[in-house]
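This report concerns only the one structure given below.
We did not get these values from a lab; they are worked out from the coordinates using the rules stated. Computed from a predicted structure; not experimentally measured. Ideal geometry is used to build each Cβ from the backbone, glycine not excepted, and the neighbour counts take in all protein chains shown.
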Amino acid sequence: MNNIGVPAREVDVVVTGAGQAGLSSAFHLRRTGFEPERDFVVLDHAPRPGGAWQFRWPSLTYRKVHGMHALPGMELTDADPSRPSSEVIAEYFDTYERTFDLRVRRPVDVTAVREGEGGRLLVQTSDGTWATRALINATGTWDRPFWPRYPGQESFRGRQLHTAQYPGPEEFAGQRVVVVGGGASGTQHLMEIAPYAASTTWVTRRPPVFREGPFSEDVGRAAVAMVEERVRRGLPPRSVVSVTGLPLNDAVRRAIADGVLDRLPVFDRITPDGVEWDDGRRVAADVILWATGFRAAIDHLAPLRLRAPGGGIRVEGTRVVADPRIHLVGYGPSASTIGANRAGRAAVRDIRRLLAGEPLTV
């Protein structure tokens, strides 16, 4: 029962999250005979279909999206490349949910997952409690933007915002903007903002690595393998782009030539009027934009004490080593769209074995 005495609803599988990883998992559950609402349920905290894509800034058009891989069983066709990706992909996800009758429940906030009775997990939510034999956690990272801390940060008189709050470039017209972060979002923000801003300054902890040539399957496999090794050891996952580097395309070359992507090492402190370094360098700023990435949104799993000494959760494939009832999809090596599809299929295959009492393999 939940904390107000209402009996928990029993299902075989709860899927938390309805982004790429969650919908892929739900598709494979249906495909292998699980019925929605009877055998499994998909819970999503977002107000509408689209996963994290629905929250992306309007200037991120579908043309600018790198590596959007179709969900299993249905291609994304005839998309207008000039439309915002938030609209294109949200409509695609909505059609997908209806086509395969996935019956996603939303908005539902998952507050905690705890040990239940009879070997079941209790998934506590804003829509009541579910008692499940297995959990596919597909909550992604969008809800956990990472904000680094620097001396003097609270004294800054300008505006600070994160990629998750980025409104598009027009809002920075005439302002002096410091962009922090060496990933794809940071470079995209800089290239968009530069024509509008009075000035832009780019700072990163490490020198950026630009990748020449196409992103081959071998490069992708090697990058995924490095991230996979981290989660196997129980370390917090790194993004795949942190391993592969940034693609060096024509727009990036122009930005480098124009000085937009002229990188400085990260500052040592923040002042009321900007940022400064120990060597005496100072940059005045009206805005600090933190393009510093995200962390896995897994705080609701804390009652199960799954974290390893290294700070992450040890995972083999998608299965949590400490608890084989739990699978993390869209986590670590499966955070890419194609990785999420494969992870959903692998998680469902493993869960079928678990529920049938068969030996588990990776």
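Numbers below:
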quantity: For the stretch 176-183, 3J(HN,Hα) per residue [Karplus equation, 6.51 cos²θ - 1.76 cosθ + 1.60, θ = phi - 60°, Hz, x = Gly/Pro]; calculated: 9, 10, 9, 9, 10, x, x, x
quantity: Karplus-derived HN-Hα couplings along the stretch 85-94 (A = 6.51, B = -1.76, C = 1.60, θ = phi - 60°), whole Hz, x at Gly and Pro; calculated: 4, 4, 7, 4, 6, 4, 5, 4, 4, 4
quantity: Total charge dipole magnitude, the chain, about the Cα centre, Cβ charges on Lys, Arg, Asp, Glu only, Debye to nearest 20; calculated: 780 debye
quantity: Mean Cα-pair separation over length for the stretch 130-210, i.e. relative contact order, pairs under 8 Å, 6 or more apart, %; calculated: 26 percent
quantity: Stretchable slack from Glu37 to Arg353, in nm (0.36 nm times residue separation minus alpha-carbon distance); calculated: 111.7 nm
quantity: GNM flexibility winner over the chain from Arg345, Arg103, Arg133 (Cα, springs under 10 Å); calculated: Arg103
quantity: Sequence-separation-based contact order of the stretch 1-138, relative, with Cα cut under 8 Å and 6+ spacing, percent; calculated: 35 percent
quantity: Radius 9 Å from Cβ of Trp202, net charge of other residues (Lys, Arg +1; Asp, Glu -1); calculated: 0
quantity: Per-residue [θ]222 nm for the chain (sum of -39500 (n - 2.57) over DSSP H runs n ≥ 4, rounded to 500); calculated: -7500 deg cm²/dmol
quantity: Residue list for the stretch 283-313, given a label point 7 angstrom along the Cα-to-Cβ vector of Thr111 and an amide N cut-off under 19 Å; calculated: 298-305
quantity: Packing-based order for 315-324, 108-117, 285-294, using average beta carbon neighbours within 10 Å, highest first; calculated: 285-294, 315-324, 108-117
quantity: Neighbour-count ranking [beta-carbon atoms within 10 angstrom, fewest first] of Leu29, Leu248; calculated: Leu248, Leu29
quantity: Share antiparallel - DSSP beta bridges, the chain, percent rounded to 5; calculated: 40 percent
quantity: Calculated over the stretch 119-160: convex hull of Cα atoms, volume per residue (Å³); calculated: 141 Å³
quantity: Normalised contact order of the stretch 81-179, rounded percent, pairs of Cα under 8 Å and 6 or more residues apart; calculated: 12 percent
quantity: Cα gyration tensor shape of the stretch 24-183, rounded if a/c is under 1.5, else prolate or oblate by comparing a/b with b/c; calculated: oblate
quantity: Between the stretch 247-305 and the stretch 68-89, the Cα center-to-center distance that results, in Å; calculated: 29 Å
